[in-house]
Amino acid sequence: MSDYGWVTIVDKPQLLPSRAVVELTARVGLQIEQTRNDILFRGYRKFGTEVKITDLDEKDFPPDKPEDTEPVKPQSPPALKPAPQKKPLT
C-alpha cells in the first residue's frame, strides 16, 4: 500500500509518496512469520548542483608514455629455496 500527497518544493507543488506499508508473510513448515514495515516519507527538499563545462586542451594532459617493449626474460630460472626439514616424531 502506498499513499501520495502534495508537497511544495521551491514554490512548486509535487505529488510524492507520503506513506508506504509493506507486509510480508513467510511459512517454514508449520511456523508462520509475519513482518510489517511502515514507512513515512517527509522532509522533502530540492537537490541541486552547478556544472561548468570547459574545453580541454592537449596541454592539460601529461605526455603519453612510450610503449614498453616486451620485458627481458632472465637467462637462468630463479633459484628455489630448499624445503624446511621436518622434525622426527619422538
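Points to keep in mind about this one:
- Inter-label distance, residue 33 to residue 1: 2.4 nm, where each label sits 7 Å from its Cα along the C-beta direction.
- Viscosity 1.306 mPa s, temperature 10 °C, Stokes-Einstein D of the chain from Kirkwood C-alpha radius, µm²/s: 68 µm²/s
- Per residue, the accessible area of the chain comes to 114 Å², computed with a 1.4 Å probe over protein heavy atoms only.
- Residue of 63, 71, 13 that the Gaussian network model of the chain assigns the largest fluctuation, springs spanning Cα pairs under 10 Å: 71
- Residues in the stretch 9-27 reached by a label modelled at residue 41 [backbone nitrogen below 18 Å; 7 Å Cα→Cβ]: 9-23
- Taking a straight Cα-Cα cut-off under 26 Å and skipping sequence neighbours fewer than 8 places away in the same chain, the lysines within cross-link reach of residue 73 are 65, 81.
- Most fluctuating residue given options 30, 15, 40, as computed from a GNM of the chain linking Cα atoms under 10 Å: 30
- Residue separation of residue 18 and residue 73 scaled by 0.36 nm, minus their Cα-Cα distance, works out to 13.1 nm of gained length.
- Surface composition of the chain: carbon plus sulfur atoms hold 55% of the accessible area, using a 1.4 angstrom probe and ignoring ligands, DNA and RNA.
The values are calculated or read from the model by the stated rules, or taken from the named source; none is laboratory data. Bear in mind the structure is a predicted one, so any value in this text is a computation, not a measurement. Neighbour counts are summed over all protein chains in view; Cβ atoms, including those assigned to glycine, are modelled from backbone coordinates with ideal geometry. We work out accessible area using only protein heavy atoms, side chains counted, and drop any ligands, DNA or RNA first. Shrake-Rupley method; radii C 1.70, N 1.55, O 1.52, S 1.80 Å.
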